[in-house]
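For reference, the structure discussed in these notes is given below.
The values are calculated or read from the model by the stated rules, or taken from the named source; none is laboratory data. Note that the coordinates shown come from a computational prediction; the quantities given were computed from them, not determined experimentally. Because the Cβ atoms are built from the backbone with ideal geometry, glycine has one as well, and the counts that use them run over all protein chains shown.
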Amino acid sequence: MPFPRPVVVLSQCLELSPCRWDGARIPFPFLAKLAPHVEIRPVCPEVEIGLGVPRDPIRIIQDGEERKLLQPSTGRDVTRAMRRFAGEFLGRLEGADGFILKSRSPSCGIRDAKMYGGEESGTVLEKGAGLFAGEVLARFPGLAVEDEARLAHLAIRERFLTKLFALAAFRAVKEKPSMAGLARYQERNRLLLMARGQREAKTLERIAANREKLPLPKVMEEYERHLHAALARPARRASVAAALRRHAEAPWLARQTFFAPFPPALAGTEEEPPLP
């Protein structure tokens with residue numbers, strides 16, 4: 001069964017270009033495996049807003065209820081520029097299935113960007129999403145989004161890849177929408193979806209069957225919403241076992257993406273670093 005080719009937006013400093021603030025190119029060994037199987041769309045938000053390479057570091061400042069992106073050495077406030085770039089870039093982005101962003105970055109960090117109490121303060125008030133990454137998460141809550149540090153961990157990587165390739169396959173259905181195409185997608189992914197919980201899996205089965213004879217655009221919209229909800233959950237052992245027991249003799253079992261959700265070449269057994 002051929003695999004789709006997902007579209008992945010990638011922080012450009014990860015192996016691609018020496019564009020980190022200090023002019024470094026960040027090692028991301030997994031990219032060598034991943035690149036032949038996906039379409040990469042690189043982006044460096046900080047370069048795009050004109051900060052240059054190398055550049056003085058920027059940081060997120062928590063100013064009351066507002067978060068600002070400042071360059072302490074110059075006093076430059078690039079909050080508006082970053083928000084404008086994020087809105088424009090993501091607004092014209094089409095067909096993306098996932099993002100791999102730079103961890104701990106004030107622009108691209110997904111969950112571990114530091115929020116400071118002031119321009120010179122060394123006190124970290126909390127950690128969260130950088131300004132660009134925050135806009136990614138707000139606009140595309142259903143896509144596969146991770147950082148390079150967490151993808152060094154096998155379980156996290158496999159969950160990311162499973163979601164990424166499932167979304168790419170569904171995008172192909174959306175590009176040439178039909179009830180027959182949706183039914184084929186549902187049939188191939190039945191076990192994979194069951195493993196993430198019976199409730200959403202049953203809902204997806206019902207939507208794909210479309211016994212109510214709803215218009216195709218409505219069916220696709222509802223299916224996508226529940227697909228995102230299902231893929232947001234990790235596979236559960238109890239759900240996997242129940243699904244396999246229930247369908248052990250089913251003729252469609254051999255065609256299931258559950259057994260090969262992404263290209264085998266992307267599987268890994270290398271030693272893992274500590275979880276960040």
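Residues that are in a helix (DSSP H, G or I), in the same structural domain as K127 (by TED's automatic domain parsing) and either in contact with a helix residue (DSSP H, G or I) (Cβ under 7 Å, 6 or more places away or on another chain) or closer than 28 Å to E158 by Cα (or both): does segment 60-78 have at least one? No, because not a single residue in segment 60-78 is in a helix (DSSP H, G or I), in the same structural domain as K127 (by TED's automatic domain parsing) and either in contact with a helix residue (DSSP H, G or I) (Cβ under 7 Å, 6 or more places away or on another chain) or closer than 28 Å to E158 by Cα (or both). Is it the case that L101 is at pLDDT 95 or above and either touching a helix residue (DSSP H, G or I) at 6+ places or on another chain (Cβ under 8 Å) or surrounded by 14 or more Cβ atoms within 10 Å (Cβ to Cβ) (or both)? Judged against the criteria, L101 is a match. The single condition from (1) in contact with a Ser or Thr (Cβ under 9 Å, 6 or more places away or on another chain); (2) surrounded by fewer than 21 Cβ atoms within 10 Å (Cβ to Cβ); (3) within 22 Å of F160 (Cβ to Cβ) that C13 fails is (2). Every listed requirement among (1) assigned to a loop (DSSP other than H, G, I, E, B); (2) under 30 Å from L31 (Cβ atoms); (3) modelled with pLDDT of 70 or more is met by P276 save one, (3). Would it be correct to say that R55 is more than 21 Å from the chain's Cα centre (by Cα), surrounded by 18 or more Cβ atoms within 10 Å (Cβ to Cβ) and more than 20 Å from F160 (Cβ to Cβ)? The answer is yes for R55.
Let me confirm something: among P36, P18, P4, which residue is assigned to a loop (DSSP other than H, G, I, E, B) and over 14 Å from P54 (Cα atoms)?
Working: P36 fails: assigned to a loop (DSSP other than H, G, I, E, B); P18 fails: over 14 Å from P54 (Cα atoms).
Only one candidate passes the filter, namely P4.
Could you tell me whether I110 is aliphatic (A, V, I, L, M), under 26 Å from R5 (Cβ atoms), part of a strand (DSSP E or B) and in the same structural domain as A35 (by TED's automatic domain parsing)?
On the way: aliphatic (A, V, I, L, M): yes; under 26 Å from R5 (Cβ atoms): yes; part of a strand (DSSP E or B): no; in the same structural domain as A35 (by TED's automatic domain parsing): yes.
No: the conditions fail for I110.
Can you find a residue that is of a type in the set (D, E, K, R) and modelled with pLDDT under 95 anywhere in segment 217-233?
Yes, segment 217-233 has at least one match.
Note on segment 177-217: residues that are hydrophobic (A, V, I, L, M, F, W, C) and surrounded by fewer than 16 Cβ atoms within 10 Å (Cβ to Cβ) amount to 6.
Segment 135-213 holds helices (runs of 4 or more DSSP H) entirely within its bounds, and those carrying 2 or more residues that are under 15 Å from A232 (Cα atoms) map to 154-175, 190-194, 198-209. Here R84, R67 are screened, and the one residue that is within 15 Å of F132 (Cα to Cα) and over 22 Å from the mean Cα position of the chain (by Cα) is R67. Can you find even one residue in segment 142-151 that is assigned by TED's automatic domain parsing to the domain that holds A86 and β-branched (V, I, T)? Yes, that holds for at least one residue. As a summary of the residue check, A81 satisfies the conditions (1) in contact (Cβ under 8 Å) with a residue 12 or more places away in the chain; (2) surrounded by fewer than 17 Cβ atoms within 10 Å (Cβ to Cβ); (3) part of a helix (DSSP H, G or I) except for the one numbered (2).
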